[in-house]
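Novice: Can you read through this structure? Questions will come right after.
What follows draws every value from the coordinates through simple rules; no lab data is involved. The structure displayed is predicted, hence computed values, not measured ones. Using ideal geometry, Cβ is built from the backbone for each residue, glycine included, and neighbour counts are taken over all protein chains shown.
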Amino acid sequence: MSGQSHRLPSGGRIDRSKTVRFSFDGRSYEGHPGDTLASGLIANGVHLTGRSFKYHRPRGITTSGSEEPNALVTTGEGGRTEPNVPATMVELHDGLVARSQNRWPSLSFDLMAVNSLLKPFFPAGFYYKTFMWPRSFWYRLYEPAIRRAAGLGTIADQPDPDVYEHSYAHCDVLVVGAGPAGLMAAQAAARAGARVVLADERAVPGGHLAGEAIEVDGRDSAAWAQGICDELDGLENVQMLLRTSVFGRYDGLTFGAVERVGDHLGNDSSGDLRQRRWTIQTRQFVCATGAIERPLVFGDNDRPGIMLAGSARHYVNQYGVLPGRKVVVATNNDDSYLTARDLARAGADVTLIDSRREKDVTGHALLPGETEVRYGQCVTQTCGKLHVSSARLADISEPDHIRSELPCDLICTSGGWNPTIHLLSHCGARPKWDSAISAFAMAKVENGVHMVGGAAGTFELQKCLQEGVAAGVAAASACSRKARKPAAPKTEKLPEYRIQPLWRLPDTISKASASFVDFQNDVTIADLELADREGFGHAEHAKRYTTLGMATDQGKLSNVNAIGVLSELRGTPIAETGTTTYRPLYTPAALGTLAGQRQGAEFRATRHSAMHQWHEKNGAVFTEAGLWLRPYYYPREGEDFAAAVKREVLNARSAVGMVDVSTLGKIELKGPDSGQFLDRLYINSFSKMKTGRARYGVMLREDGMVFDDGTVTRLADDHYFITVTTANASGVMQHMEFCHQVHWPDLDVQFCSVTEVWAAMAVAGPKARDVLSRVVDGIDLSNEAFPLQSVADARIGDAFVRVLRISFSGELAYEIYTPADCGLGVWEAIMEAGAEDGISAYGTEAMTVMRTEKGHVAGPELDGRTTADDLGLGRMMSQRKDYIGRWLSQRSGLTGAGRSQLVGLKPITNSDTFRMGAHLVTEPGTIGPDVSQGHVTTSVYSPACDHFIGLALLQDGRSRTGERVYVASPLHNEQVEAEVTGPVFVDPDGERMRG
Amino acid sequence: MQIPCPWCGSRPLDEFEYGGDATKKRPEGKKQENMEAWVDYAFLHDNVAGRHKEYWQHVGGCRCWLIVTRDTRTHEIIKSEFAVPQLRSNQR
Ligand SMILES: [Zn+2]
């Protein structure tokens, strides 16, 4: 182990009393609590952390924050493998395992780097242009090869053992960013009594102050920030969310965030909470997200050892590591003078290269006397292999002429600072070019939004603090919290921030070497030139042509530089070159975190009927019906699906069966106008139906198509009970509420969904009456006293039951409704009473078989395109009343010839089968939309007929009984000859159910 | 996004369901001869860029149907009131 060669002997805000061990690419290293993976690697002299996306060029740590484009690593092992994590955001903990990406066979010797030699052949748009023809080659050959060559990390191939959760926060004031302005805003709002949430993506508060060596309020800036944070943390009305990335702002001041709860703990037991997704709803938003530095663009500006200037001093001040000893600081602004000062103080040999003239500079007062400054010069190109070794310098007035070559092991580069305005523009607001700071900034913000500090383009610390206080007070008072305006603390006086943009060097330099604008997607100045030459020079076009800004860092370092370059290439002002659109997510979030607990069996709710236990105990195979689990069939020893269903059907038709129908939607209506209300909802009438009766009903949509069907029962003069299909239960309820509240608020009716209140079962078969007579108390079930369509209340044992005599199966049948908590007991009582008659349960498939044998329509026929008349229910449509869908169902297209009508189908050869979805054609061997005359909606094996039967929608079908058609499913290479029949196959006169 | 429910107060979008254009009134009592009025009511809806009146139901709350005036470009909600006219005087 080489030891922490680049760790300074003292300083930094890390815990030097403890050591943590971690590994990178299989080698183990040491660092301290408080380090990130990036600072830990730099401390050990490791800069090279990855290979670039397209050319596989060696890349190193470039920043110290979430904007990192190059140092993406894979952390964890097995199911905890996480690719594409910026090393700058990984907190060191004992046992941390990290690997570099996109290299083969090793990071320092990467065979794919040959791409780099072929660079002239890999210009922007290359993949699109070269690999387009022939088409099949693209899928089979080019695409897989490119995928292997160009890529980031690889995702885990095992399930993630960690736990993720969702959480919600509501507050008066959300402050994003715990830098100087954010802390002040949060403090001022909190002291006024507002409920405050303060979120910051870093592990420590202070924002950039955590990495500065300056004084605030007479104290070290990081200690000052920690002090404010401690005060806020102790307040009941403040929620501190450190390690929390606010990734998006959505309409109405709703925010999404990810809190990294457990990543830094290095837990390896499963079941620990790793990350939490927050939804934060606030009344006021203070955007204190700071600013992100942009690099200068020069030749070979991507080598390991080239770093943003602000980040370099961050490593010195926060982590006590010195990223290089022989340092070139290349800049166009005064902020970098702090970097030169702090690195020089830490013992580095610093040369500062400023592209501006001396008289435009304010920062030199900061520098120790011996620091060499070269004004009016720039770095044009760098040398080195796996690390930068020297910088070539030229006069800014004559960049083609190399003046000198400076050996160095670190180049700190700064092209200026961009306000981090993502959260200000996620909802569509566009930034404006601010020439004073040479950056995009928001000219104004919406109601309830405040921007402060760097995010607002304010780079003077004293002003940042003042803006924070003012915003905190304003936000609190907008929430009616009275605030005294506290004074902002005093800071050390720093030189004014000035900048002169330097977008690019002459063409000769960008042609001789690669000048990278976008590191993560390997986009160079030459690529932008090509985009412009080919007519894609507008920022939005260039982005798509070159893929600039489309990598996981979303162009945080590159977008503004690209716009500056394009503006010069096009000779248009930046304001006319365009800006890019900022969209969530600000930083990537793991899919597991977004899903939270909603995965696997918890993906959505599962609903069980009251009799579920019995079904399980009796071997039911379940099927999903919406959220419900319903018994599909109950196989017995040695039975397959077909055998079980056949037995269940035959038993119900010859003896008695019982099916759980609890999932039906159930709605109860009361009020004097209930009958009238139902008359307006259904095509048939219920206001004249007698109390104690039940009847089948059909609802249309307003456009005339069938919406739903079910039974309507009249329990009293002003009291009805209706059932609706399982699938439409919530939709019908909403429809009824809409009709009542929007169309007919004058009707005196109240209604309520009671789906969960009642368990329900249907008892069907010739022995149904015998069985129920043994257990039902309080009703004479004889045919005379209780004919078809009767309803009455009774008891089974101690349980209240409501008995309806209606039939879906076509058999003598009763539906029993009982309060849900009595469901299991009633079911078991009927089962017991029916044992001597051979009662058995049947599932939804047997139910489908029986309703098909009877020609009853269900979901597949009610497909939203069928009218009541199409389904043979036209006679039910009342001519004497108005109802939803009445008039639009009379449109000529819905009533004329050529409508698809419900028919039955039976195969000519008894052993032939056909399937749902097959098409009906009149000539064998033909298929296509132009020849199809209809389709099969339901097909089952009918035990009663002993062959397959089907329901189908066939053009003018009712007049075609007896015709022969071909049932074709070309997907399955099937074609069967069938005869068109009426839809009812069993007991067409309905004698069984009336018996 | 939040929608202010006049009964429950401001509530998140997931509690609501969209119910379509609220600028048209059902041609109550109109017969088949007025098919044009029916077709207009059911099918002819403007795709407004700007302020639009829409039905929303607070399904995860009081289940009231609301008439919400929303700017379709910015999602700003300008007004939210009960669909039932008799309730509007009770509005918060
Ligand atoms: Zn409500």
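Novice: Which whole number in µm²/s is D for chain B by Stokes-Einstein, with the Kirkwood Rh taken over Cα pairs at 37 °C and 0.692 mPa s?
Specialist: 231
Novice: Just tell me how shielded B:28-39 is by partners: mean number of partner chain Cβ atoms within 10 Å of each residue's Cβ, no decimals.
Specialist: Partner-chain Cβ atoms within 10 Å, mean over residues of B:28-39: 3.
Novice: Could you sort A:759-766, A:922-929, A:350-357, A:497-504 so that the peptide with the highest average Cβ count within 10 Å comes first and the rest follow in order?
Specialist: Listed from highest to lowest mean packing, they are A:759-766, A:350-357, A:497-504, A:922-929.
Novice: Something else: Longest segment of chain A with no GluC sites (Glu not before Pro) in a DSSP loop having at most 11 other Cβ atoms within 10 Å?
Specialist: A:1-235
Novice: In debye, nearest 20: dipole of segment A:665-753 around its Cα centre with unit charges on the Cβ of K, R (+) and D, E (-)?
Specialist: Roughly 400 debye, rounded to the nearest 20.
Novice: Something else now. Could you run the Debye sum over the Cα atoms of segment A:295-415, one equal point scatterer each and no solvent, and tell me log10 of I(q)/I(0) at q = 0.17 Å⁻¹, two decimals?
Specialist: -0.74
Novice: Could you list which residues have their amide H under 5 Å from that of residue A:241, counting only those 5 or more apart in sequence or on another chain, with H placed in the peptide plane?
Specialist: Those qualifying (amide H under 5 Å, at least 5 residues apart or on another chain) are A:198, A:199, A:200.
Novice: Cα centroids of segment A:737-754 and segment A:337-371: how far apart, whole angstrom?
Specialist: Taking the Cα centre of each part, segment A:737-754 and segment A:337-371 sit 76 Å apart.
Novice: Lys/Arg Cβ at +1, Asp/Glu Cβ at -1, dipole of chain A taken about the Cα centre: which of A:643, A:706, A:255 is farthest positive-ward?
Specialist: The Cα lying farthest towards the positive end belongs to A:255.
Novice: At a 10 angstrom cut-off on C-beta neighbours, averaged per residue, how do the peptides A:653-666, A:905-918, B:27-40, A:185-198 rank from highest to lowest?
Specialist: Numbers: A:653-666: 22.6, A:905-918: 16.3, B:27-40: 13.4, A:185-198: 26.9.
So the order, starting with the most tightly packed, is A:185-198, A:653-666, A:905-918, B:27-40.
Novice: Sort all Cα-Cα distances of chain A into consecutive 10 angstrom bins from zero, then give the percent of pairs in each bin up to the one containing the longest distance.
Specialist: Over chain A, the share of Cα pairs per 10 Å bin runs 2, 10, 15, 16, 13, 11, 12, 11, 7, 2, 0, 0 percent.
Novice: Follow-up. Nearest 20 debye, what's the magnitude of the dipole of segment A:214-264 about its Cα centre given +1 on Lys and Arg Cβ and -1 on Asp and Glu Cβ?
Specialist: Dipole size: approximately 260 debye.
Novice: Round to a whole angstrom and tell me the spacing of the C-alpha centers of segment A:523-561 and segment A:603-672.
Specialist: Between the Cα centre of segment A:523-561 and that of segment A:603-672, the gap is 59 Å.
Novice: Run a plain Debye calculation on segment A:236-290 (Cα atoms as equal point scatterers, no solvent) and give log10 I(q)/I(0) at q = 0.14 Å⁻¹, rounded to two decimals, same order as the q list.
Specialist: -0.47
Novice: Could you go through segment A:698-708 in sequence order and give the Karplus-derived ³J(HN,Hα) for each residue, using 6.51 cos²θ - 1.76 cosθ + 1.60 with θ = phi - 60°, rounded to whole Hz, and x for Gly and Pro?
Specialist: For segment A:698-708, the Karplus curve yields 10, 10, 10, 7, 4, 7, x, 8, 5, 9, 7 Hz.
Novice: Okay, next question. Please list 3J(HN,Hα) in residue order for segment B:38-52, calculated via the Karplus relation 6.51 cos²θ - 1.76 cosθ + 1.60 where θ = phi - 60°; whole Hz, with x for glycine and proline.
Specialist: For segment B:38-52, the Karplus curve yields 5, 4, 4, 5, 7, 10, 9, 10, 6, 9, 7, 9, x, 6, 9 Hz.
Novice: Normalised by the empirical 2.2 N^0.38 Å for globular proteins, what value does the Cα Rg of segment A:738-813 take? Walk me through the numbers before you get to the answer.
Specialist: Details: Rg = 16.5 Å, N = 76, 2.2 N^0.38 = 11.4 Å.
Normalised Cα radius of gyration, segment A:738-813: 1.45.
Novice: Still on this structure: Could you list the square roots of 5 times each eigenvalue of the Cα gyration tensor of segment A:761-892, that is, the equivalent ellipsoid semi-axes, sorted largest first and rounded to whole Å? Write down the numbers at each step before the final one.
Specialist: Working: eigenvalues 230, 61, 38 Å².
Rounded to whole Å, the semi-axes are 34, 17, 14.
Novice: So what is the orientation-averaged projected area of segment A:456-530, using the convex hull of its C-alpha atoms, in nm²?
Specialist: Values: hull surface 36.8 nm².
With the hull built on Cα positions only, its mean projection is 9.2 nm².
Novice: Separate question: Can you give the Kirkwood hydrodynamic radius of segment A:897-994 from its Cα pairs, in Å with one decimal?
Specialist: 13.5
Novice: Please work out, to two decimal places, the log10 of the ratio I(q)/I(0) at q = 0.26 Å⁻¹ from a Debye calculation in which every Cα of segment A:948-995 carries one identical scatterer.
Specialist: Debye curve over Cα of segment A:948-995, log10 I(q)/I(0) at q = 0.26 Å⁻¹: -1.03.
Novice: Compare the Cα positions of A:988, A:976, A:904 along the charge dipole of segment A:897-994 (+1 at Cβ of Lys, Arg; -1 at Cβ of Asp, Glu; about the Cα centre) and return the one farthest towards the positive end.
Specialist: Checking the options against the dipole of segment A:897-994, the answer is A:988.
Novice: Could you pull out the pairs from A:666/B:79; A:463/A:543; A:688/A:854 whose alpha carbons sit more than 32 Å apart here?
Specialist: Cα-Cα > 32 Å for A:666/B:79; A:463/A:543; rest within.
Novice: Same structure, new question: For the protein assembly as shown, give me the percentage of DSSP beta bridges that are antiparallel, rounded to the nearest 5 percent.
Specialist: 75
Novice: Sticking with this one: Just report the Cα centroid separation between segment A:765-817 and segment A:254-319, whole Å.
Specialist: 68
Novice: May I pose another question? Under 5 Å between amide hydrogens, which residues at least 5 positions from residue B:10 or on another chain qualify, with H placed 1.01 Å from N in the peptide plane?
Specialist: So residue B:10 has HN proximity to B:5.
Novice: Express the relative contact order of chain A as a whole percentage, based on alpha carbon pairs under 8 Å and six or more residues apart in sequence. Could the numbers behind the result be given before it?
Specialist: Details: 2362 pairs, mean separation 87.0, N = 995.
After rounding, I find 9 percent.
Novice: Cα atoms only: what Rg and Dmax, in Å, come out for segment A:668-744?
Specialist: Radius of gyration, then largest Cα-Cα span, for segment A:668-744: 11.6, 33 Å.
Novice: In the protein assembly as shown, if the dipole is taken from +1 on Lys/Arg beta carbons and -1 on Asp/Glu beta carbons about the Cα centre, which of A:755, B:47, A:441 is farthest to the positive end?
Specialist: A:441
Novice: Quote the charge dipole size of chain A about the Cα centre in Debye, to the nearest 20; the model charges only the Cβ of Lys and Arg (+1) and of Asp and Glu (-1).
Specialist: Its charge dipole is roughly 1660 debye.
Novice: So what are the ³J(HN,Hα) numbers for segment A:506-517, from phi and the Karplus equation (6.51, -1.76, 1.60; θ = phi - 60°), rounded to whole Hz, Gly and Pro as x?
Specialist: So the J values, rounded to whole Hz, are x, 3, 4, 6, 6, 7, 6, 8, 7, 10, 7, 9.
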